[in-house]
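First comes the structure, then the notes that go with it.
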């Protein structure tokens with residue numbers, strides 16, 4: 001940090017905001033020595049000007065005041081607010097800030113069976129999937145109690161049941177015909193399409209008919225809920 005000392009006639013002491021003026025008086029209303037400083041790191045304030053170029057020096061108290069002023073006005077500038085997120089709110093992201101989407105062995109409309117937990121052995125249909133944390137929503141399973149407030153005046157609150165998320169590793173694909181759970185396999189048909197099938201039964205679960213049926217049933221359910 002470079003210091004420049006010069007004599008100024010009849011200038012009042014400038015001990016205010018250093019951002020407004022880069023000159024700070026060391027003396028009183030008499031002809032004084034004015035120190036011109038440039039913005040730099042606060043650690044460089046401890047450097048002393050050379051005796052040959054400066055008739056007077058800043059004492060320890062004055063250096064401390066100048067250092068504190070630099071730290072508060074120049075260094076500690078407002079920046080981005082850092083907020084500590086909860087563990088269940090964090091999402092694993094790529095370098096381009098997009099969430100990492102996990103590969104899943106199940107899709108919407110698949111019939112699955114729970115293989116662990118207090119509802120082990122129950123069968124249900126997947127209604128929603130979340131690829132960023134590899135969880136699924138199964139219709140009628142893992143119900144949670146939710147207390148809702150009244151939206152209008154005079155309307156009482158309600159206690160409703162909603163399906164909670166389940167990790168995809170806790171479910172297996174289920175065959176309704178054979179009444180058995182099975183691992184999933186992949187194979188390519190003669191027409192070149194890649195489909196999933198149940199290893200135990202050989203049943204193909206990615207057929208076009210199954211998809212059309214699942215989409216039709218989903219639309220009918222949404223219409224019933226809306227009405």
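The values are calculated or read from the model by the stated rules, or taken from the named source; none is laboratory data. What you see is a predicted model; the values in this text were computed from it and never measured. Glycine also receives a Cβ, built like all others from the backbone with ideal geometry; neighbour counts cover every protein chain displayed.
Numbers below:
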| item | result |
| --- | --- |
| Per-region count, region 117-138, residues surrounded by 12 or more Cβ atoms within 10 Å (Cβ to Cβ) and assigned to a loop (DSSP other than H, G, I, E, B) | 7 |
| Residues of region 78-116 classified as at pLDDT below 85 and assigned to a strand (DSSP E or B), total | 2 |
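Residues checked against (1) outside the structural domain of residue 105 (by TED's automatic domain parsing); (2) closer than 17 Å to residue 126 by Cα; (3) modelled with pLDDT of 90 or more; (4) loosely packed, with under 12 Cβ neighbours inside 10 Å:
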| residue | (1), (2), (3), (4) |
| --- | --- |
| 173 | no, yes, yes, no |
| 182 | no, yes, yes, no |
| 188 | no, no, no, yes |
| 192 | no, no, no, yes |
| 200 | no, no, yes, no |
| 206 | no, yes, no, no |
| 210 | no, yes, no, no |
| 216 | no, yes, no, yes |
